[in-house]
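The values are calculated or read from the model by the stated rules, or taken from the named source; none is laboratory data. Quick caveat: nothing in here was measured; it's all calculated off a predicted structure. Cβ placement follows ideal geometry from the backbone for every residue including glycine, while neighbour counts extend to all protein chains displayed. Calculation scope for accessible area: heavy atoms of the full protein, side chains included, ligands and nucleic acids excluded. Shrake-Rupley method; radii C 1.70, N 1.55, O 1.52, S 1.80 Å.
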Amino acid sequence: MTAPDIVIVGGGINGCATAWQLAREGHRVVVVERYAPAAMASGWTLAGVRQSGRHPAELPLARAAVAMWPALAEELGADTGYTRAGNLRLARTEDETGVIRRLVDDQCAAGLDLTYLDGNDAVRSVAPAVAPTVLSASFCPTDGHADPLATVAAYRAAAERHGATFRLGEAVRSIEVRGDRVTGVVTDAVRIGCGACVVAGGVHANDLLTPLALTVPLRVPMVTVLQTDPVPPLLKPVLGAANADFAARQQLDGRLRVTSGATHWHGAMDDDPVPTVNPSVDGVARTIETVAAALPVFREARIARVWAGLLDLTPDALPVIERAPEIAGLVIAAGFSGHGFGIAPMTALLLRDLAVGDPPRLALDAFRRARFAEGGGAGIDAGLTLHG
């Protein structure tokens, strides 16, 4: 095999999208994925495409990405399932009403088109299926959602058409560094020489970074996910809650897809042939009750699938996106904390910039790994940033 310019570790949406951005410019790219594209977070996700509820540092990425989503299917030559029908974040108690009011005030001040819906009638004018007990909500009409598996498949196919190579079912075991510069990676099967390596391995990122004396501080909670059989159209926007204990949307095929908030992961994962995390019975029951309290018709739906996903959650719920200052050619994209899917089109452009050595097109100071050592990464309610 001809030595590539860049190796990307991880075949999730960030890895596949970055491969496409690089390959379409003529860079020789190899993506190494230990399972299959979208086998973990990118396939488990609710797949929201939103700006609302974002940390101020992440909002420019989200706004740029949302502007890119409508044309993405045409650019990739395949459907992404993207639809723009808004994001509705619910307040179910007086305390949550205060959270939502502050969210709307802060994000309107930042220039986002966000509306405060005061009272149940106003909320149900946007989503009639919402429970009559909901007190208020924020609504961002330019948010939406997509099909996670279709989107990642579209990115992969487009990258391959431009010459990118995908090595699937093969794990990278180490990154080779000589003289403080990346020289290659070693997989289960082969050594691949390269001048740059993008680590986009989700919860496995530190497996490769720690031997290099680099670490992204992560904890790994679990999110329970349920998918129903198709039901009649009843929900256009994505639903969320002020404390992020659930999220829900209706897929284009009519199925409801709902998630819990972040809960303790029991540590078990079956990875043969693909990674599978099974939620507890109690977790499933609590998710059903929480969702049904806000969306009563959910109680009548038939459950088709149940699974759990893992979050690579940083202390401040912001990702690390950087060219590692310690090692030339090493790019880190980790810690997306359950909300990296929607910003992936823009993240891929930033990773392209970092991988080829260009100045990043958006400021990335807030996403440096050094912020944790400097005492940063505090002062954010991570719950408001989950899911999508």
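Descriptive notes on the structure:
- Between the Cα long axis of helix 148-161 and the first principal axis of the chain there is an angle of about 30°, rounded to the nearest 10.
- Burial order of peptide ranges 111-119, 251-259, 175-183 (average beta-carbon count within 10 Å, highest first): 251-259, 111-119, 175-183
- On the basis of the beta-carbon distance and an R0 of 45 Å, I303 and R173 show a calculated FRET efficiency of 0.70.
- Ranking E289, E58 from most to least accessible surface, computed with a 1.4 Å probe over the protein chains only, gives E289, E58.
- Nonpolar atom fraction for the chain, defined as the carbon and sulfur part of the 1.4 Å probe accessible area, stands at 52 percent.
- A simple spin-label model places the labels of R191 and D79 4.7 nm from each other, with each point 7 Å out along Cα-to-Cβ.
- Heavy-atom accessible area per residue - the chain, 1.4 Å, Å²: 38
- From its DSSP helices (H runs of at least four residues, each -39,500 (n - 2.57)), the chain gives a residue-normalised ellipticity at 222 nm of -8000 deg cm²/dmol.
- Shown here: region 1-44, whose C-alpha atoms stretch 32, 20, 10 Å along the first, second and third principal axes, sorted largest to smallest.
- Nearest 10 degrees, 0 to 90: helix 59-76 Cα axis against the chain principal axis: 80
- The modelled label-to-label distance between R361 and D253, using points 7 Å beyond Cα along the C-beta direction, is 3.3 nm.
- Put simply, the amide H of V31, placed in the peptide plane, has neighbours under 5 Å in I8, T165, F166, R167, leaving out anything fewer than 5 places away on its chain.
- Computed from backbone phi, the HN-Hα couplings of region 218-230 come to 10, 10, 10, x, 10, 10, 7, 10, 10, 10, 9, 5, x Hz, rounded to whole numbers (Karplus: 6.51 cos²θ - 1.76 cosθ + 1.60, θ = phi - 60°; Gly and Pro given as x).
- Label-point gap, in nm, between A67 and R101 - each point 7 angstrom along Cα→Cβ: 3.3
- nm² value of the averaged projected area, convex hull over the Cα atoms of the chain: 17.9
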